[in-house]
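Read-outs: derived from the displayed coordinates by stated rules, not from any lab. Treat the numbers as computed from the prediction; the structure is a model and nothing was measured. Note that each Cβ is placed from the backbone with ideal geometry, even for glycine, and that neighbours are counted across all protein chains shown.
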Amino acid sequence: MIGIIIPTFLRDKCLFECLDSIQKYWNNNYYAIIIDQGKFTKEKTDFVQRFLNNYKGEYIPVEFDIGALKARNIAIKKCKKLNIPYVLMFSDSMRFLKKYNFTPIINFLESDKNNFLCGFNKTNSICTWECDMKKKDCFELDIPRRPKVNYNRLDFQPVDICRNIFLCKTEMLYNSMYDEDRKMGDHESSFYRWQQKGYKCYYLDSILFDYTRDRNPIYKPYRDRFSQFKARMMKKYNLTKWISYSTDLKQKWDKERAK
């Protein structure tokens, strides 16, 4: 079974579209966990209840603005409690585009006890985060340098970091959850912790999800606090700056933008 973790916050329209896409391409091995730290409305409650009347999962309203990191951890603990072996880290801004077959990815992850996660592709986004990463005075990002791993005719690219849309082993994620000393800003640092634990991460661009960048007027002021929580993260991890990008990585992005 796969637990689909869907944190949502002040983007109800996105949430409705996200759930619509999931039910359109539903698989009986899915279990949807919606963690809502936003404002509660009858429209949203009724919509989610209709979804849960037909599909497995649960809706967990939590305290307003507890933060995406704590919200994810609540869902991770729920997956652990329910003995759901895999997590699909998702978001209210994401949508399914087809009926996915995750079995080959699960088989690959099970082929090595240290295989932890496989990240996926999404629309409307340059492949910014599928990178090798070193931590020095900042998180240094570079293009992936290791050769791809071919497993049952799929090419898995080893990476140190990818976007926050991935399939992973619940047990390993539960043993190294997100920081809760801030509301956001644990992307690079979470992947750094996983790297330090010897967790192996991969990327597979053949699985594609749809993405909408939503910064609506209600949500935007909360999202704009990122620099505040980034500073807190940098202090915790002894960084003098946040990120640096290799020349090869910048050239890669330039080519992608030019397409």
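Within region 72-83, restricting attention to residues that are buried (at least 21 other Cβ atoms within 10 Å of the Cβ) and among the aliphatic types (A, V, I, L, M), which residue is nearest to residue 14 (Cα to Cα)?
Here the residue is 75.
Considering only region 102-152, how many residues are in a helix (DSSP H, G or I) and charged (D, E, K, R)? Step through it out loud before you land on a result.
Within region 102-152, the subset in a helix (DSSP H, G or I) is 103-110.
The next check asks that each one be charged (D, E, K, R); those that pass are 110.
Going through region 102-152 one residue at a time, the tally reaches 1.
Would you pick out the residues in region 94-114 that are of a type outside the set (Phe, Trp, Tyr), in contact (Cβ under 8 Å) with a residue 24 or more places away in the chain and surrounded by fewer than 22 Cβ atoms within 10 Å (Cβ to Cβ)?
Quick first cut of region 94-114, residues of a type outside the set (Phe, Trp, Tyr) only: 94-95, 97-99, 101, 103-107, 109-114.
Cutting the leftovers down to in contact (Cβ under 8 Å) with a residue 24 or more places away in the chain gives us 94-95, 97-99, 104-107, 109, 111-112, 114.
Answer for region 94-114, where residues must be of a type outside the set (Phe, Trp, Tyr), in contact (Cβ under 8 Å) with a residue 24 or more places away in the chain and surrounded by fewer than 22 Cβ atoms within 10 Å (Cβ to Cβ): 97, 98, 99, 104, 106, 107, 111, 112, 114.
Which numbered condition trips up residue 173, out of (1) crowded, with 16+ Cβ neighbours inside 10 Å; (2) over 23 Å from residue 79 (Cα atoms); (3) not aromatic (Phe, Trp, Tyr)?
Just one mismatch for residue 173, condition (2).
Looking only at residues that are exposed (fewer than 12 other Cβ atoms within 10 Å of the Cβ) and over 21 Å from the mean Cα position of the chain (by Cα) in region 211-249, which one is farthest from residue 157 (Cα to Cα)?
217
Here is a list: 57, 38. Which entry is of a type in the set (Gly, Ala, Ser) and touching a Ser or Thr at 6+ places or on another chain (Cβ under 8 Å)? Outline the logic, then answer.
Details: 57 fails: touching a Ser or Thr at 6+ places or on another chain (Cβ under 8 Å).
38 is the lone residue from the list that is of a type in the set (Gly, Ala, Ser) and touching a Ser or Thr at 6+ places or on another chain (Cβ under 8 Å).
May I ask you to list pairs of residues, at least six apart or on different chains, whose Cβ atoms are under 9 Å apart, with the first in region 63-82 being within 16 Å of residue 173 (Cα to Cα) and free of Cβ contacts under 8 Å to residues at least 12 places away in the same chain and the second being among the small types (Gly, Ala, Ser) and in a helix (DSSP H, G or I)?
Within 9 Å, no pair qualifies.
Tell me, yes or no, whether region 119-133 has at least one residue that is among the hydroxyl-bearing types (Ser, Thr, Tyr), without any contact (Cβ under 8 Å) to a residue 24 or more places away in the chain and more than 24 Å from residue 67 (Cβ to Cβ). Show your work before the answer.
Initial filter on region 119-133 (among the hydroxyl-bearing types (Ser, Thr, Tyr)): 123, 125, 128.
Filter once more, so that each one left must be without any contact (Cβ under 8 Å) to a residue 24 or more places away in the chain: none.
No: zero hits.
Applying the selection to region 189-226, what residues are hydroxyl-bearing (Ser, Thr, Tyr) and out of contact with any helix residue (DSSP H, G or I) (no Cβ under 8 Å at 6 or more places or on another chain)? Lay out the reasoning, then the answer.
Applying the first criterion (hydroxyl-bearing (Ser, Thr, Tyr)) to region 189-226 yields 189-190, 192, 199, 202-203, 206, 211-212, 219, 222.
Once the filter is applied, which keeps residues that are hydroxyl-bearing (Ser, Thr, Tyr) and out of contact with any helix residue (DSSP H, G or I) (no Cβ under 8 Å at 6 or more places or on another chain), region 189-226 yields 190, 192, 203, 206, 211, 219, 222.
Restricting to region 153-202, name every residue that is among the aliphatic types (A, V, I, L, M), in contact with a Phe, Trp or Tyr (Cβ under 9 Å, 6 or more places away or on another chain) and part of a loop (DSSP other than H, G, I, E, B).
So the first thing to find is which residues in region 153-202 are among the aliphatic types (A, V, I, L, M), and the list is 154, 159, 161, 165, 167, 172-173, 177, 184.
Next, from what is left, pick out any that are in contact with a Phe, Trp or Tyr (Cβ under 9 Å, 6 or more places away or on another chain): 154, 159, 161, 165, 167, 172-173, 184.
If the condition is that a residue be among the aliphatic types (A, V, I, L, M), in contact with a Phe, Trp or Tyr (Cβ under 9 Å, 6 or more places away or on another chain) and part of a loop (DSSP other than H, G, I, E, B), then 165, 184 are the ones that fit.
Restricting to region 200-225, name every residue that is over 23 Å from residue 168 (Cβ atoms) and touching a Lys or Arg at 6+ places or on another chain (Cβ under 9 Å).
212, 214, 215, 216, 218, 219, 222, 223, 224, 225
Could you check region 215-259 and list, in sequence order, the residues that are within 24 Å of residue 91 (Cβ to Cβ) and among the β-branched types (Val, Ile, Thr)?
218, 243
Yes/no per residue for (1) more than 27 Å from residue 239 (Cβ to Cβ); (2) touching a helix residue (DSSP H, G or I) at 6+ places or on another chain (Cβ under 7 Å):
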site: 76; (1), (2): no, yes
site: 80; (1), (2): yes, yes
site: 91; (1), (2): no, no
site: 95; (1), (2): yes, yes
site: 113; (1), (2): yes, no
site: 129; (1), (2): no, no
site: 139; (1), (2): no, yes
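Let me spell it out: the conditions are (1) more than 22 Å from residue 107 (Cα to Cα); (2) within 14 Å of the chain's Cα centre (by Cα), and residue 208 meets all of them except one. Which number is the exception?
(1)
Restricted to region 34-71, and to residues that are assigned to a loop (DSSP other than H, G, I, E, B) and β-branched (Val, Ile, Thr), which residue is surrounded by the most Cβ atoms within 10 Å (Cβ to Cβ)? So that I can check it myself, show each step before the final result.
Taking region 34-71 first, the residues assigned to a loop (DSSP other than H, G, I, E, B) are 37-41, 55-56, 62-67.
Then drop every residue that is not β-branched (Val, Ile, Thr), which leaves 41, 62, 66.
Working: 41: 10, 62: 15, 66: 17.
Here the residue is 66.
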